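Here the structure comes first, spelled out in structure tokens, and everything after it is commentary.
Where a number appears in this text, it was derived from the coordinates with a stated rule and is not lab data. Note that the coordinates shown come from a computational prediction; the quantities given were computed from them, not determined experimentally. Cβ atoms come from the backbone with ideal geometry, glycine included; neighbour counts cover every protein chain shown.
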Amino acid sequence: MKSAVVVFPGINRERDMTRALKLVSGREPAMVWHADTALPAGTDLVVIPGGFSYGDYLRCGAIAARAPIMDAVRGFAQKGGLVLAVCNGFQIACEAGLLPGVLMRNAQLRFICRDVYLRVERSDTPFTRGYNAGQVIRVPVAHGEGNYIADGETIARLEGGGRVVFRYSSPDGIVDPNWTHNGAMNAIAGIINARGNVLGMMPHPENHVEAAMGRTDGRGLFAGLVDHFKLAA
Amino acid sequence: MKARVTVTLKSGILDPQGKAIEGALKTLGVSGVASVRQGKVFDIEIEGADRAGAAVALKNAAEKLLANTVIENYRIDVSG
């Protein structure tokens with residue numbers, strides 16, 4: 001699996017992401033700078049990592065979404081290439097029009113940095129084939145703007161199309177407002193686009209991939225992607 | 001030419017920041033505040049004196065970057 005990690009000024013999770021990708025896929029990802037206009041030839045997976053691109057100026061992800069490299073990322077996604085967008089990456093993907101909706105300020109107005117539980121809603125996507133549907137995983141979040149909102153029609157389209165891939169839940173997989181730390185509509189933690197090749201999620205699977213991190217729940221996402229490309233080869 | 005673009009949240013969109021400001025005003029004893037919604041103001045200087053051209057450029061700026069039209073409305077005022 002040849003992956004490319006897009007780096008914007010102010011991004012700070014690119015190294016965690018690179019480490020996780022290398023660990024699970026055995027291959028060092030390419031780092032692609034925001035001012036570049038093309039992705040490396042043969043890229044299988046584009047990753048937009050977390051952080052605070054452009055200091056969250058204007059709106060989270062708004063400036064990064066208009067950076068030169070994003071035209072190449074959009075073109076890549078239009079051709080069916082897989083894009084994984086995490087945390088600030090999810091905000092950037094929404095601002096870039098790759099995914100619908102917006103990540104608003106957390107309902108409680110606080111930056112929240114802790115582990116949360118996610119219910120994996122589907123296992124039949126390239127991003128979640130390493131999990132079982134209904135499985136609950138524990139991964140960290142670290143965001144002030146993770147409160148997913150969209151208009152009623154968009155939410156209905158997402159839910160109707162099975163496009164909510166991860167939902168905040170209790171450790172037993174029960175969706176409950178008390179376990180939706182940021183107030184996201186329908187406890188949405190991660191969604192895919194209609195074609196199923198762009199995933200945006202607020203939590204950080206890359207921070208739970210090795211025993212030294214305390215847990216390995218995030219590894220399934222990367223292992224699933226590696227499997228996906230092995231089967232396609 | 002000077003222009004001002006005002007970006008406000010659409011009605012029905014929850015504004016936690018506005019709510020916090022509203023709470024702070026009540027704490028300060030500022031009376032009669034029913035509700036607060038927070039927005040953004042962009043003061044932009046436009047080169048030249050082509051008003052029609054400026055209107056197009058400002059609409060472009062608002063639609064492409066200044067506002068996220070999923071959640072926000074914008075208003076453009078040109079002066080001078």
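With R₀ fixed at 41 Å, the C-beta to C-beta distance from A:PHE229 to A:ARG114 puts the FRET efficiency at about 0.80. Label-to-label distance, A:ALA211 versus B:LEU14, with points set 7 angstrom from Cα along the beta-carbon direction: 4.1 nm. Straight-line cross-link reach from B:LYS10 at under 20 Å between alpha-carbon atoms covers these aspartates and glutamates, not counting any fewer than eight positions away in the same chain: A:GLU95, A:GLU145, A:ASP151, A:GLU153, B:GLU22, B:GLU63, B:GLU72, B:ASP77. In plain terms, chain A is cut at each of the chymotrypsin sites (Phe, Trp or Tyr not before Pro) found in a DSSP loop with at most 15 other Cβ atoms within 10 Å, and the longest leftover piece is A:112-233.
Exceedance of the 22 Å cut-off in Cα-Cα distance is limited, within the set B:LYS19/B:LYS64; A:LYS79/B:LYS64; A:LYS79/B:LYS59; B:LYS40/B:LYS64; B:LYS19/B:LYS59; A:LYS22/A:LYS79, to B:LYS19/B:LYS64; A:LYS79/B:LYS64; A:LYS79/B:LYS59; B:LYS19/B:LYS59; A:LYS22/A:LYS79. Pop the C-beta distance of A:ARG66 and B:ARG75 into the FRET formula with R0 = 22 Å and round what comes out to the nearest 0.05. Given R0 = 22 Å and the Cβ-Cβ separation, E is 0.50. By DSSP, the beta bridges lying fully in chain A are antiparallel in about 60 percent of cases.
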